[in-house]
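Scroll down for the structure; my scribbles are underneath it.
The values are calculated or read from the model by the stated rules, or taken from the named source; none is laboratory data. None of these values were measured; they are calculated from a predicted model. Note that we place each Cβ from the backbone using ideal geometry, even for glycine, and neighbour counts take in every protein chain shown.
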Amino acid sequence: MTVKENNVKQPVSDRIGMMKQTQPDLYVMRLKALAGDLSSLQLAAIAEVAERYGQGVVHLSVRQGVEIHHVHKDDLEEARLALGEAGVEMGACGPRVRGIVACPGSESCKWGVIDTKQLARELDERHFKRETPSKFKIAVTGCAHNCTKANENDIGIRGAIEPRWQSEACTDCGHCLSFCPVGVIERRVDEQHEAGFRYELDEARCINCSVCTSLCPTGSWVAGKQGYTVLIGGTMGKIPRFASELKRFAETEAEALALVESAIAFYCEHGRKKERFGHMIDRIGLDEVKEEILEAALQRVEKE
Ligand code: SF4
Ligand code: SF4
Ligand code: SF4
């Protein structure tokens with residue numbers, strides 16, 4: 001007996017990720033591609049299901065999502081099981097945490113400061129499909145180049161460094177004065193210093209990108225510490241809002257995860273139905289929201 005014939009009602013959790021199309025009885029199947037990754041075997045299985053149950057087309061969404069369109073409602077369960085056999089899970093839709101987006105990060109990108117894939121896996125395990133007042137998007141980006149547009153997400157996590165200048169190898173070429181994107185590096189005459197000069201930065205205005213450490217030809221700018229900038233409340237859609245900085249430099253992954261947990265918990269407690277996280281922040285006030293989330297995260301870290 002096929003699944004279709006036995007007429008067993010699917011649990012709601014199995015139907016998440018299946019969305020009605022404008023055409024009667026046809027559905028979109030949204031699939032999970034954590035951090036934009038699928039194995040070649042999974043891709044082959046997706047192609048086969050698209051061929052068999054859809055129209056032979058796989059749609060790639062802007063958030064690393066993979067979708068099969070035009071699946072008849074009676075075929076949804078068979079298609080889901082066929083995908084499941086290849087380890088392809090359904091994605092998320094509706095008022096819950098959506099698939100975690102991440103760039104390649106330090107795994108393969110020369111600019112990458114953090115292990116974005118590892119962090120995405122942790123976030124996925126803790127939050128994927130968790131119910132929230134409205135849709136909730138999380139993106140991880142490996143450095144300030146911000147390829148995953150962290151600021152457009154309810155939570156964005158960006159790899160960050162605190163640069164330090166080392167005089168030994170510096171040839172005083174001056175290139176870093178021009179390639180720092182926010183112009184916060186300065187050269188100072190320093191008679192006390194062996195070289196007679198030093199390069200320094202305005203820490204308050206440094207955006208913790210990895211441009212100086214990556215581009216200095218002699219490696220004289222080094223990453224003192226590496227960490228995570230955590231942003232909250234970004235959204236596009238009808239009322240766009242750029243994310244606000246929750247914490248500029250979280251020093252450990254555990255701290256970043258505690259900030260995310262506390263931010264989602266706060267949103268679940270205070271957000272109104274269908275109200276996006278960023279709009280809730282504007283309603284309550286950024287300073288108050290930040291204070292409460294930071295305090296709750298600190299307590300979480302201390303407990304662990
Ligand atoms: S955000 Fe940075 S680490 Fe990630 S892909 Fe872009 S340049 Fe590479
Ligand atoms: S780019 Fe590097 S070598 Fe050149 S001045 Fe700056 S720190 Fe020194
Ligand atoms: S980390 Fe980026 S912003 Fe900060 S000093 Fe280096 S290049 Fe400039």
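Couple of notes before you dig in:
- Members of region 133-146 that are more than 16 Å from ligand 3 (Cβ to nearest atom) and within 10 Å of the chain's Cα centre (by Cα): K137, I138, A139, V140
- When residues in region 178-230 are screened for being of a type in the set (S, T, N, Q), within 11 Å of ligand 3 (Cβ to nearest atom) and free of Cβ contacts under 8 Å to residues at least 60 places away in the same chain, 2 of them pass.
- Scoring S106 on the criteria (1) within 16 Å of ligand 1 (Cβ to nearest atom); (2) assigned to a helix (DSSP H, G or I); (3) closer than 26 Å to M280 by Cα leaves a single failure, condition (3).
- Scanning region 167-200 for residues that are within 8 Å of ligand 2 (Cβ to nearest atom) and under 33 Å from the mean Cα position of the chain (by Cα) gives H175, C176, L177, F179, I185.
Residues checked against (1) aliphatic (A, V, I, L, M); (2) free of Cβ contacts under 8 Å to residues at least 24 places away in the same chain; (3) over 28 Å from F266 (Cα atoms); (4) surrounded by fewer than 17 Cβ atoms within 10 Å (Cβ to Cβ):
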position: M90; (1), (2), (3), (4): yes, no, no, no
position: G99; (1), (2), (3), (4): no, no, no, no
position: T116; (1), (2), (3), (4): no, no, no, no
position: E125; (1), (2), (3), (4): no, yes, no, yes
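- Single residue of T218, T213, T252 found to be under 22 Å from G159 (Cβ atoms), at pLDDT 95 or above and of a type outside the set (A, V, I, L, M): T252
- The conditions of being of a type in the set (D, E, K, R) and more than 11 Å from ligand 1 (Cβ to nearest atom) are met by E125.
- Residue that is farthest from ligand 3 (Cβ to nearest atom), among those in region 150-169 that are closer than 30 Å to D124 by Cβ and assigned to a strand (DSSP E or B): I155
- Those strands (runs of 3 or more DSSP E) lying entirely in region 10-102 with at least 2 residues at pLDDT 95 or above and under 23 Å from the mean Cα position of the chain (by Cα): 26-31, 58-60, 66-72
- Among the criteria (1) more than 16 Å from ligand 1 (Cβ to nearest atom); (2) under 27 Å from I293 (Cα atoms), the one E186 does not fulfil is (2).
Yes/no per residue for (1) at pLDDT 95 or above; (2) in contact with a Pro (Cβ under 9 Å, 6 or more places away or on another chain):
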| position | (1), (2) |
| --- | --- |
| C180 | yes, no |
| G196 | no, no |
| C209 | no, yes |
| C268 | yes, yes |
| G271 | yes, yes |
| M280 | yes, yes |
